[in-house]
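Single-structure report; data block below.
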Amino acid sequence: MPAPKRFSIRRKRICKFFAEKITYIDYKDGKLLSHFIPERGKILPRRISGVCSVHQRQLSEAIKRARHLAIIPVISD
């Protein structure tokens, strides 16, 4: 007889920016933006970063602006 299946209850993921009450993602804040860029230099997708769609669009725009102004590197070594 097979063992009974155990179901784990998943917590709903909360957007980091809503939790910390950040209304504007500043492109000059390289430390904040670097959390959403891995070593290869790509922008993390929503499903991995845990950010809502509104803030993901703002985040990607801020990262692109920061890269253009060389605040964060395009590819980190």
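Read-outs: derived from the displayed coordinates by stated rules, not from any lab. Quantities reported herein were computed from a predicted structural model and do not represent experimental measurements. Cβ atoms come from the backbone with ideal geometry, glycine included; neighbour counts cover every protein chain shown.
Okay, here's what the table says:
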{"quantity": "Of the trypsin sites (Lys or Arg not before Pro) in the range 2-77, those whose Cβ has at most 16 other Cβ within 10 Å and which sit in DSSP loop", "calculated": "K5, R6, R10, R11, K12, R13, K21, K28, R40, K42"}
{"quantity": "Cα-based Lys proximity count in the chain, under 24 Å, for pairs eight or more positions apart or on separate chains", "calculated": "12"}
{"quantity": "Positive dipole terminus of the range 16-68, leading residue within P45, L32, F17 (C-beta point charges)", "calculated": "P45"}
{"quantity": "Structure-based [θ]222 nm, the chain - -39500 (n - 2.57) summed over DSSP H runs of at least 4, per residue, nearest 500", "calculated": "-9000 deg cm²/dmol"}
{"quantity": "Angle between the chain longest axis and helix 53-68 axis [Cα atoms, degrees, rounded to 10]", "calculated": "30"}
{"quantity": "Alpha carbon convex hull of the chain, volume per residue in cubic angstrom", "calculated": "122"}
{"quantity": "Stretchable slack from K64 to F18, in nm (0.36 nm times residue separation minus alpha-carbon distance)", "calculated": "14.4 nm"}
{"quantity": "Size of electric dipole in the range 16-68: Cβ of Lys, Arg +1 and of Asp, Glu -1, about Cα centre, debye, nearest 20", "calculated": "160"}
{"quantity": "Taking the chain and dividing mean pair separation by its residue count, relative contact order in percent (alpha carbons under 8 Å, at least six apart)", "calculated": "35"}
